[in-house]
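The values are calculated or read from the model by the stated rules, or taken from the named source; none is laboratory data. Keep in mind that this is a model prediction, so the values were computed, not measured. Here the Cβ positions follow ideal geometry from the backbone for every residue, glycine too, while neighbour counts run over all protein chains shown.
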Amino acid sequence: MDARMNYYGNPLAAKFAKYINSAGKAVSDSTLPAATQELVKIRASQINGCGFCTDMHTKDAAHAGETPARLHLVAAWREATVFTDAERAALALTEAGTRIADAAGVPDDVWENAAKHFDEDQLTALVSLIALINAYNRMNVLIRQPAGDYRPGQWG
């Protein structure tokens, strides 16, 4: 499959990426655990059908030491016993925030559960990350960016 356009070779896209990547740095530098960040990126990417981001974030997570069992079970996290309560709360918020139109918002119980596990800065990072990965997913799905060739660390 070929991309619909060379988005990543376009000067305007490069300018946009500079700003969106800066937003991502604010999140990655936060106290939200790195493993949780990768799980959130993977789950949102799975829901959105973004093969490019799913490929990138599963490979980045594995490179950072994430176990194959946990990576394979992200899509079925509700039935899996390999995630902490905090990770489960983050994944629930990710699903609600990604499928926001399906439920006409994020249910209070999902929000309250996440708030039990994360302090205000971590919760801010989590909300920001969910918004950010959804933006990346939409860019890549819109242009049909092919998946499979990503190598961990290739962009920084």
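Worth a mention:
- Residue that is surrounded by the fewest Cβ atoms within 10 Å (Cβ to Cβ) [pool: residues in the stretch 1-35 that are at pLDDT 95 or above and β-branched (Val, Ile, Thr)]: Thr31
So that you can scan it fast, the table gives a plain yes or no per residue for (1) in contact (Cβ under 8 Å) with a residue 24 or more places away in the chain; (2) small (Gly, Ala, Ser):
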site: Met1; (1), (2): yes, no
site: Tyr19; (1), (2): no, no
site: Ser45; (1), (2): yes, yes
site: Met56; (1), (2): yes, no
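- Of all residues in the stretch 137-149, those satisfying the criterion of being surrounded by 18 or more Cβ atoms within 10 Å (Cβ to Cβ) and touching a helix residue (DSSP H, G or I) at 6+ places or on another chain (Cβ under 6 Å) are Asn137, Asn140, Gln145.
- Only one of the listed residues (Glu38, Glu79, Glu95, Glu66) is at pLDDT 95 or above, more than 25 Å from Glu120 (Cα to Cα) and surrounded by 12 or more Cβ atoms within 10 Å (Cβ to Cβ). That residue is Glu66.
- Pairs are defined by a Cβ separation below 6 Å, a sequence spacing of at least 6 or placement on different chains, a first member in the stretch 121-146 that is in a loop (DSSP other than H, G, I, E, B), and a second member that is surrounded by 20 or more Cβ atoms within 10 Å (Cβ to Cβ); the pairs so defined are Gln145/Phe52.
- The stretch 13-55 - residue that is of a type in the set (Ser, Thr, Tyr) and not in a helix (DSSP H, G or I) and, of those, nearest to Ala135 (Cα to Cα): Ser30
- Those residues of the stretch 65-90 which are touching a residue at least 40 places away in the same chain (Cβ under 8 Å) and farther than 16 Å from Gln46 by Cα, in sequence order: Phe83, Ala86, Glu87
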